[in-house]
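The values are calculated or read from the model by the stated rules, or taken from the named source; none is laboratory data. Note that the structure is a prediction, hence the values are computed from the model and not measured. Please note: Cβ atoms are built from the backbone with ideal geometry, for glycine as well, and neighbour counts cover all protein chains shown.
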Amino acid sequence: MWFVLVAIWVLAGCEGDGGEAARPSFVDVAAEAGVHLRTVSGTPQKEHIVECNTGGTALLDYDLDGDVDIFIVNGSRIAGYTLGREPRAELYRNDGAWRFTGVGREAGVAHVGWGMGATAADYNADGWPDLYLANYGPNALYENEGDGTFVNVAAERGVDFSGWSSSAAFGDYDLDGDLDFYLANYIDFDPAFRPVDPSYCTWRGIDVFCGPRGMPGERDQFYRNDGPSTGWTFAEASAAFGIADYEYYGFAALAGDWDEDGDLDIYIANDSTPNVLYRNDRGAFADVSLLSATAYSEDGREQGGMGLAGGDYDQDGDFDLFVTNFSHDNNSLYDNNGRGFFTDASFSSALGRASISSLGWGTGFFDYDNDGDDDLFVANGHVYPAVDHRDLGTRYVQRNHLFENRDGAFFEVGTASGSGLAVEKSSRGSAFGDLDNDGDLDIVVVNIDDTPTVLRNDGGNRHNYLMVRLLGDGGNTDAIGARVSVSVGGAVQMREVRAGTSYLSQDDLRLHFGLGAATEADYLVVRWPDGVEERLDGVAGNRLITIQRGAGLVAEGFGPVPRLRP
Amino acid sequence: MPGALLPNNMDMRLAVVWIGLVALLGEIGCGSPERHVLKKPATPQPLAFYQDAHEQNPTDPEILLALGWLYLQKDRTRHAVAVLSELVAIAPDDADAHYYLGVALAKEHRKSEAIAALQRALEKAPGFAEVYWALALLYNERGDGYEKALATVEEGLQLAGQSGYGHFVLGFVLCSRGDNENAKTALLKAIELDPDLAHAHYYLALVYLRLQDDQRAMAAMEQTIAADPGYTSAYYSLGTLYARTGHDAEGARMIELFQQLSSATMDEDHYRRLLYRQAVPLAVDKQVATHFNLGLVYLRRKELAAALEQFEAALALDSTYAEASHNIGVIYSLQDQHATARPFLLRAVRHKPDYALAFENIGNNSLALGEYAEAVAAFRRALALDGSMVSALDGLGTALIQQGHVAEGRTARAEAAALRAQQ
């Protein structure tokens, strides 16, 4: 009895030490919430590279009822399916209280085809979020009709590229008031093509599907939105905007103001080829990847770039970049010096060493415990099922990682953060949003050939928070590209509204800030996409506030999106 | 050019093992009396010679070792594994054979077999320090064996404490583990013992970068390049360092050099995949460039027939492509087909009259054909275009001597020797 008592005392002591007891936990509630789409992506043994990448998820409030719905893409197989039996994408309507209903078919957005990525953006400025799907095969632009249904208008709008696309990143790159987008493309794929060099069809001594090396890359594209006068059509304008004709293997594209000059730059994670950073000077792009030190690993090697995150993890007033990479290599953290030049901080931040054995995909900086800094999530899973049959130090299914930020160094805390982070699947896309409007961020993870993981954050809201929804104007109703800075006790957190994040995915457009013990932010500054700034002082926390450009704070509290749009 | 930034297709593990192989081979002959000394095979002949010899004498251990070594040098690791496996079957007590097989298996990513082969090498020769370095790198490479790697390299250092490479491996493992301070100490020791060890300078620079000491990192990167001007990734790292610290022009220059060196290491399939495009065929000018670059890849591998085919394809698409025409001429010359080479070399200078290298090769070609007056004229033209061409000055001397202008020829050759010393 004495021993038992001592043991309990010791454990209690551990819990109370270092804030362990306060750590939030994540629980996988996918099944009970009704989010049960089992994705399909070719054969279980993965005979072709196209079978290993699907897919993404988008968190969007498609019905503007004030809660975040979930869209999940689906794949297919080389042999195809008989009509009517094809796998379909699914849209899950959030009915509140962790109940979701699949409404893809009735909403007309249960896309058939080999889907890869999904991005939500109100491209036609009617106030309703539309969905762009990057596919292996024709891409789709599902226009939200505002009545709970969508119509695919990709061909009419000129954005139905039929190669192999991965993801899109929307933003007003040329500052003309409407939303353009960058399209990352992967391989000019032909299942019959085999590289000359057989080493491209083996990996560490095992026979695997060929590629991407040895296969022709697909060029990325840039689509300029020509606005209402043309019926919101797009023009492919890569050359005019200075986008290079690299034939890299593009996966994720992330828009953000990396050089702090007020417009949206683009960073692209490329598989097995150099990553590319385009510096934007009001619509003129220049490739600055090499000089900015974001093309390669710290020792000058191209890596297998998969997913991207951008956040100010060290709170020095600029956005840093994080890239997930292939296994037996490190994920990369690039620390911005404020001018758009970066230092590889992968190992000094402890993120590099922690990622060698895993293969990373979806990722995002987010404040999971509302303590006021950016933590990091990484979805993991291998591409080769055959790794399970060899002692390679890695497995096909992998645990996802949660890294807690402690003064700029990251510590993996997943094993102590709930059963949801013990789930082992082969994960791909992931997206972050407050699915239950309780003030902390939940995570949706797509798993290949499997059901998704929906990670409910229990306890993140033990600390205070502030959520911000922006209403833009003109052709950019969601103020994509706007930046919000929130100051609490002298520390400034920054977020940007981004359409196209993580790996082939899209986060909740509402911005979330942890306030720690503070119940209000000292001040909040919105820098709208056109550079105009608005400031609010003494902003009370633990609520969602809605700020409209030029009108300040127009609503507070969760609930339907205010109908203040044109 | 699309993809011009690609440096190579190494992944982390391959990079590590590559470091191991190259540098380990640099260790040869440095052993203390009790140490096993790794033998470097003598391979004065080209690969084809040993392939033929192997066909004639399939069980000759010396030929097998030479062939396996050459395959390793050329990164044809599957062939290396096959040949070296034959060798260890024939010579099971040869520690070096087991070692080379271990290296080849490591390069093939067959880790457990590589470790077994290396351990067999140790059984045969317990004083074989290089095996410890190789084993340490293998244990280190996937992120879950740092402690074992450290213990292994320490064992090696007990055998060869004055090995710069051994201390480098120690530093490399510590650096992988994130132990920057101890890594720095080990790498500085490695440099003290072997100042020319470029890997040690480079990883020391990375450690300084991790310690946010940009100035020392820059100096170490510069030392890396001084130790090995072909150390491609150092140019990238140094370029980014310069740029980040406000030295934009120097940064741009380093990046340019990095790109030049990188394009020289691009691989066959990279170009082949460009040529393969069907949905959006490559523009003709890029097809020309791609054929040319592919030709360079083969030329570097001394696969002359394949290189010739690509240069001819480039020339067929662009009949004015002087460099392609020149390289065709050079390949014929390398095969002693000097008469066939000549029109291609002449065509090169017709389309590019200031092509100094082509004039020099016309001079060499004329020398080979016994046309000394033409040779003198060509060498003089080359030197007029580029006065720093020592080999052209040498060639001019030879041609003059052949013409009977012995004194003038000797003067030219003496000038060449002086210039060479200056350079």
**Asked** Can you tell me which residues in region A:477-529 are farther than 14 Å from A:ILE547 by Cβ, polar (S, T, N, Q) and more than 15 Å from the chain's Cα centre (by Cα)?
**Response** A:SER487, A:GLN493, A:THR519
**Residue ID - farthest from A:ASP530 (Cα to Cα), chosen from residues in region A:144-157 that are in contact with a strand residue (DSSP E or B) (Cβ under 8 Å, 6 or more places away or on another chain) and surrounded by fewer than 16 Cβ atoms within 10 Å (Cβ to Cβ)** = A:VAL151
**Asked** Does B:PRO58 satisfy being exposed (fewer than 15 other Cβ atoms within 10 Å of the Cβ), touching a residue at least 60 places away in the same chain (Cβ under 8 Å) and not aliphatic (A, V, I, L, M)?
**Response** no
**Item:** Residue among A:ALA97, A:ALA125 that alone is at positive phi, of a type outside the set (D, E, K, R) and in contact with a Pro (Cβ under 8 Å, 6 or more places away or on another chain)
**Value:** A:ALA125
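Given the structure, is A:THR101 surrounded by fewer than 16 Cβ atoms within 10 Å (Cβ to Cβ), touching a Lys or Arg at 6+ places or on another chain (Cβ under 6 Å) and more than 20 Å from A:LEU509 (Cα to Cα)?
Details: surrounded by fewer than 16 Cβ atoms within 10 Å (Cβ to Cβ): yes; touching a Lys or Arg at 6+ places or on another chain (Cβ under 6 Å): yes; more than 20 Å from A:LEU509 (Cα to Cα): yes.
Here the answer is yes, as A:THR101 does meet what is asked.
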**Asked** From the set of residues in region A:86-133 that are out of contact with any Phe, Trp or Tyr (no Cβ under 9 Å at 6 or more places or on another chain) and of a type in the set (Gly, Ala, Ser), which is farthest from A:GLU156 (Cα to Cα)?
**Response** A:ALA97
**Complete:** Conditions (1) assigned to a loop (DSSP other than H, G, I, E, B); (2) closer than 25 Å to B:ALA66 by Cβ -> B:TYR99 fails only (1)
**Asked** Across region A:303-328, what is the total count of residues that are crowded, with 24+ Cβ neighbours inside 10 Å and closer than 30 Å to A:ASP391 by Cβ?
**Response** 11
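I'd like the residue in region B:59-82 that is closer than 21 Å to B:LEU105 by Cβ and part of a loop (DSSP other than H, G, I, E, B) and, out of all such residues, is farthest from the chain's Cα centre (by Cα). Reasoning before the result, please.
The first filter runs over region B:59-82 and keeps only residues closer than 21 Å to B:LEU105 by Cβ, leaving B:61, B:63-82.
If we keep only those that are part of a loop (DSSP other than H, G, I, E, B) as well, we get B:74-76.
Working: B:LYS74: 9, B:ASP75: 11, B:ARG76: 14 Å.
Taking the candidates together, the pick is B:ARG76.
Just to check your reading of the model, which residue among A:GLY364, A:GLY372 is out of contact with any Ser or Thr (no Cβ under 6 Å at 6 or more places or on another chain), among the small types (Gly, Ala, Ser) and more than 10 Å from chain B (Cβ to nearest Cβ)? Don't jump to the end; show me each part of the working.
Details: A:GLY364 fails: out of contact with any Ser or Thr (no Cβ under 6 Å at 6 or more places or on another chain).
A:GLY372 is the lone residue from the list that is out of contact with any Ser or Thr (no Cβ under 6 Å at 6 or more places or on another chain), among the small types (Gly, Ala, Ser) and more than 10 Å from chain B (Cβ to nearest Cβ).
Which of the residues spanning region A:206-217 are within 11 Å of chain B (Cβ to nearest Cβ) and either over 18 Å from A:SER166 (Cα atoms) or among the hydroxyl-bearing types (Ser, Thr, Tyr) (or both)? Talk me through it step by step, then tell me what you get.
Of the residues in region A:206-217, the ones within 11 Å of chain B (Cβ to nearest Cβ) are A:206, A:210-217.
A:ILE206, A:CYS210, A:GLY214 - these are the residues of region A:206-217 that are within 11 Å of chain B (Cβ to nearest Cβ) and either over 18 Å from A:SER166 (Cα atoms) or among the hydroxyl-bearing types (Ser, Thr, Tyr) (or both).
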**Prompt:** Just one of the numbered conditions (1) crowded, with 24+ Cβ neighbours inside 10 Å; (2) closer than 30 Å to B:ARG301 by Cα; (3) of a type outside the set (Ser, Thr, Tyr) is not true of B:PRO229; which one?
**Reply:** (1)
**Message:** Condition first: touching a His at 6+ places or on another chain (Cβ under 7 Å) and within 8 Å of chain B (Cβ to nearest Cβ). Can you find one or more residues in region A:233-250 that meet it?
**Reply:** no
**Prompt:** Which members of region A:164-205 meet the condition of being of a type in the set (Gly, Ala, Ser) and away from chain B (no Cβ under 14 Å)?
**Reply:** A:SER166, A:SER167, A:ALA168, A:ALA169, A:GLY171, A:GLY177, A:ALA184
**Message:** One residue is enough: does region A:231-247 have a residue meeting the conditions assigned to a loop (DSSP other than H, G, I, E, B), in contact with a strand residue (DSSP E or B) (Cβ under 6 Å, 6 or more places away or on another chain), modelled with pLDDT under 95 and more than 16 Å from A:LEU179 (Cα to Cα)?
**Reply:** yes
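Per-residue answers, yes or no, for (1) buried (at least 18 other Cβ atoms within 10 Å of the Cβ); (2) in contact (Cβ under 8 Å) with a residue 60 or more places away in the chain; (3) hydrophobic (A, V, I, L, M, F, W, C); (4) over 22 Å from B:LEU174 (Cβ atoms):
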site	(1), (2), (3), (4)
B:TYR203	yes, no, no, no
B:ASP214	no, no, no, no
B:GLU222	no, no, no, yes
B:SER233	yes, yes, no, no
B:MET254	yes, no, yes, yes
**Request:** Would you check if B:GLU130 is more than 20 Å from A:TRP203 (Cβ to Cβ), acidic (Asp, Glu) and buried (at least 23 other Cβ atoms within 10 Å of the Cβ)?
**Result:** yes
**Asked** Taking into account only those residues within region A:343-361 that are buried (at least 24 other Cβ atoms within 10 Å of the Cβ) and of a type in the set (A, V, I, L, M, F, W, C), which is farthest from the other protein chains (Cβ to nearest Cβ)?
**Response** A:TRP361
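Can you name every one of the strands (runs of 3 or more DSSP E) wholly within region A:271-321 that holds 1 or more residues which are under 16 Å from A:PHE341 (Cα atoms), away from chain B (no Cβ under 12 Å) and not hydrophobic (A, V, I, L, M, F, W, C)?
Numbers: elements: A:276-281, A:284-287, A:308-311.
Answer list for region A:271-321: A:276-281, A:308-311.
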**Residue in region A:386-405 that is surrounded by fewer than 22 Cβ atoms within 10 Å (Cβ to Cβ), part of a loop (DSSP other than H, G, I, E, B), away from every other protein chain (no Cβ under 14 Å) and on the phi < 0 side of the Ramachandran plot present** = yes
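Would you check if there is a residue in region B:38-54 being more than 27 Å from the chain's Cα centre (by Cα) and surrounded by fewer than 24 Cβ atoms within 10 Å (Cβ to Cβ)?
Quick first cut of region B:38-54, residues more than 27 Å from the chain's Cα centre (by Cα) only: none.
No, that holds for no residue.
Could you pull out every one of the strands (runs of 3 or more DSSP E) wholly within region A:160-226 that has 2 or more residues that are touching a helix residue (DSSP H, G or I) at 6+ places or on another chain (Cβ under 8 Å) and buried (at least 19 other Cβ atoms within 10 Å of the Cβ)?
Working: elements: A:165-171, A:180-185, A:221-225.
In region A:160-226, A:221-225 are the strands (runs of 3 or more DSSP E) which contain 2 or more residues that are touching a helix residue (DSSP H, G or I) at 6+ places or on another chain (Cβ under 8 Å) and buried (at least 19 other Cβ atoms within 10 Å of the Cβ).
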**Request:** Specify the residue that is nearest to the chain's Cα centre (by Cα); the eligible residues are those in region A:101-150 that are assigned to a loop (DSSP other than H, G, I, E, B) and within 24 Å of A:CYS52 (Cα to Cα).
**Result:** A:ASN139
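Going by what's in this entry, would B:GLY329 be described as closer than 30 Å to B:VAL288 by Cβ and part of a helix (DSSP H, G or I)?
Considered against the rule, which asks whether it is closer than 30 Å to B:VAL288 by Cβ and part of a helix (DSSP H, G or I), B:GLY329 comes out as yes.
Tally the residues that are over 21 Å from B:GLY246 (Cα atoms), aromatic (Phe, Trp, Tyr) and in a loop (DSSP other than H, G, I, E, B), restricting the search to region A:322-347. Don't jump to the end; show me each part of the working.
So the first thing to find is which residues in region A:322-347 are over 21 Å from B:GLY246 (Cα atoms), and the list is A:322-333, A:346-347.
Now narrow it down to the ones that are aromatic (Phe, Trp, Tyr): A:322, A:326, A:347.
If we keep only those that are in a loop (DSSP other than H, G, I, E, B) too, we end up with A:326, A:347.
Within region A:322-347, residues that are over 21 Å from B:GLY246 (Cα atoms), aromatic (Phe, Trp, Tyr) and in a loop (DSSP other than H, G, I, E, B) number 2.
Each row is one residue, and each column tells you yes or no for (1) surrounded by 22 or more Cβ atoms within 10 Å (Cβ to Cβ); (2) in contact (Cβ under 8 Å) with a residue 40 or more places away in the chain; (3) farther than 19 Å from B:HIS199 by Cα.
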{"position": "B:GLU141", "(1), (2), (3)": "yes, yes, no"}
{"position": "B:GLU147", "(1), (2), (3)": "no, no, yes"}
{"position": "B:LEU150", "(1), (2), (3)": "no, no, no"}
{"position": "B:GLU155", "(1), (2), (3)": "no, no, yes"}
{"position": "B:LEU159", "(1), (2), (3)": "no, yes, yes"}
{"position": "B:HIS167", "(1), (2), (3)": "yes, no, no"}
{"position": "B:CYS175", "(1), (2), (3)": "yes, no, no"}
{"position": "B:GLY178", "(1), (2), (3)": "no, no, no"}
{"position": "B:LEU187", "(1), (2), (3)": "yes, no, no"}
**Complete:** Of the residues in region B:188-214, those that are outside any loop (DSSP other than H, G, I, E, B) and more than 14 Å from chain A (Cβ to nearest Cβ) come to B:LEU188, B:LYS189, B:ALA190, B:ILE191, B:GLU192, B:LEU193
